[in-house]
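Below is one structure, written out as structure tokens, with a few remarks after it.
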Amino acid sequence: MMGLPARLSVDAALIVFTVGVLLIYVELNRPGKVIPGAVGLLLTLLACARLAVAPPRLVGLVLLATAAALLAVELVRSTHWVVAVAATLGLVLGFRGLVMSPMGWTVCILCGTGLGVATAVLTRVARRARTNKALR
């Protein structure tokens, strides 16, 4: 990574982070398969190590924490996708403002939307499973 321009490596780190988190989601959705979870954890840690080299900005961290809190609310309450859309917007803007040299809008939109939609769908599935289990 030393020979790569800073912007390219930060954009690539965000893509690697997104792929890692999605692989962890695969492991959580279909437990017992070790490979997706292990590879996802490794990719996520490698991306976090690269993103930590560039000093993170407080605005980006606050937006990402807010998006995570909103997605947690979506897990507990049915909000008819309103909170999930707000959380996805928070992810996109949080990724954009995470480091001093801003990431490209295309990468931020694709990664933020991918994580936001995947998390919203999985929280809806988990909430439905919890409701069906309570009915039994």
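The values are calculated or read from the model by the stated rules, or taken from the named source; none is laboratory data. Bear in mind the structure is a predicted one, so any value in this text is a computation, not a measurement. Backbone-built Cβ (ideal geometry, glycine too); neighbour counts: all protein chains shown. Calculation scope for accessible area: heavy atoms of the full protein, side chains included, ligands and nucleic acids excluded. Shrake-Rupley method; radii C 1.70, N 1.55, O 1.52, S 1.80 Å.
Selection among ALA49, GLY97, GLY32 by position relative to the dipole of the range 29-126 gives GLY32 as farthest towards the positive end (Cβ unit charges, Cα centre). Each of THR79 and VAL62 was given a label point 7 Å from its Cα along the Cα-to-Cβ line. The distance between the two points is 1.8 nm.
For the options VAL76, VAL59, VAL117, a Gaussian network treatment of the chain with springs between C-alpha atoms closer than 10 Å singles out VAL76 as fluctuating the most. An oblate overall shape is assigned to the range 10-76, the ratio a/c of its alpha-carbon gyration tensor axes (a ≥ b ≥ c) being 1.5 or greater and a/b not exceeding b/c.
Of the peptides 48-57, 78-87, the order by per-residue mean of other Cβ atoms within 10 Å, starting with the highest, comes out as 78-87, 48-57.
Using a probe radius of 1.4 angstrom, the carbon and sulfur fraction of the accessible surface of the chain is 76%. Only Cα sites of the chain enter the Debye sum here, all with the same form factor; the resulting log10 I(q)/I(0) across q = 0.20 1/Å is -1.18, listed in q order.
Stretching the chain fully between ASN132 and ILE35 yields a gain of 32.0 nm (0.36 nm per residue, less the alpha carbon separation). Close amide H partners of VAL99, meaning residues 5 or more places away or on another chain with modelled amide H under 5 Å apart, are ARG57. Here the simple spin-label model places points 7 Å from the Cα toward Cβ, and for TRP105 and ALA12 these points are separated by 2.5 nm. Taking every protein chain into account, the accessible area of the chain amounts to 60 square angstrom per residue (probe 1.4 Å). Helical content alone sets the calculated 222 nm signal of the chain at -28000 deg cm²/dmol, taking -39,500 (n - 2.57) per DSSP H segment of four or more residues and averaging over every residue.
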